[in-house]
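A short reminder: the numbers here are calculations on the coordinates, not readings from a lab. Just so you know, these numbers come straight off a predicted model, no measurement behind them. Ideal geometry is used to build each Cβ from the backbone, glycine not excepted, and the neighbour counts take in all protein chains shown.
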Amino acid sequence: MGVIQFPAWKVWVYAEEDARESFLRRWINEESISRQILAQFQLYVDLLEGNGPEMVRATNGISLLDKKEDLHMFNLKVKGQPPVNPIFCYGPYGDREITILAGAPVTIQGGILQAKHMIPIASENRKALLQFRGRRRRERIA
């Protein structure tokens with residue numbers, strides 16, 4: 001008989017107030033994020049849910065984006081493609097969860113990733129989430 005495993009961590013996606021689809025789905029479509037990047041993203045989410053963020057951090061898959069705002073990002077890289085950086089926070093409602101709040105543009109300008117330009121948007125999304133817990137959902141990436 002098989003054993004049912006429950007996630008050690010939960011990964012949530014911020015949901016905009018009136019959106020039919022999550023910001024994540026829209027971002028994936030607007031940025032034309034490749035299947036290879038999405039597969040890597042799903043792998044990191046699965047690793048995180050099963051083992052916690054230390055496992056993903058060990059692969060250099062997570063890094064701190066902004067200490068003051070306590071925002072982090074996934075580092076998604078596939079050879080020959082620009083890096084992709086979904087931005088998240090730990091919590092905010094539980095000790096063993098993260099919430100994906102924003103996605104950085106895929107373009108690179110002057111060799112600098114654009115994730116830092118998304119800090120205000122991710123911060124505003126977290127504030128909205130703190131006002132209404134229902135503004136998040138669980139969904140698969142790929």
Report summary line: Going from the fewest other Cβ atoms within 10 Å to the most, one would list His72, His117 as His117, His72
Requested in this report: In vacuum, with every alpha carbon of segment 10-137 counted as one equal point scatterer, what does the Debye formula give for log10 I(q)/I(0) at q = 0.13, 0.16, 0.17, 0.22 Å⁻¹? Two decimals, please.
Outcome: -0.49, -0.76, -0.87, -1.52
Query raised in the report: Sequence-distant or interchain residues sharing an amide H contact under 5 Å with Leu71, placed H: which?
Result: Leu65, Asp66
Report summary line: Cβ-Cβ cut-off under 11 Å around Arg26, Lys and Arg +1, Asp and Glu -1: the net charge is -2
Query - Sequence-distant residues sharing a close amide H with Gly52 (under 5 Å, placed H) - result: Trp9
Report summary line: As a percent rounded to 5, the proportion of antiparallel DSSP bridges among beta bridges in the chain is 80 percent
Query raised in the report: How many nm separate the modelled label positions at Ala142 and Arg35, each set 7 Å beyond the Cα in the direction of the Cβ?
Result: 1.0 nm
Report summary line: Interchain or sequence-distant (5+) residues whose placed amide H lies within less than 5 Å of the amide H of Asn85 are Ala104
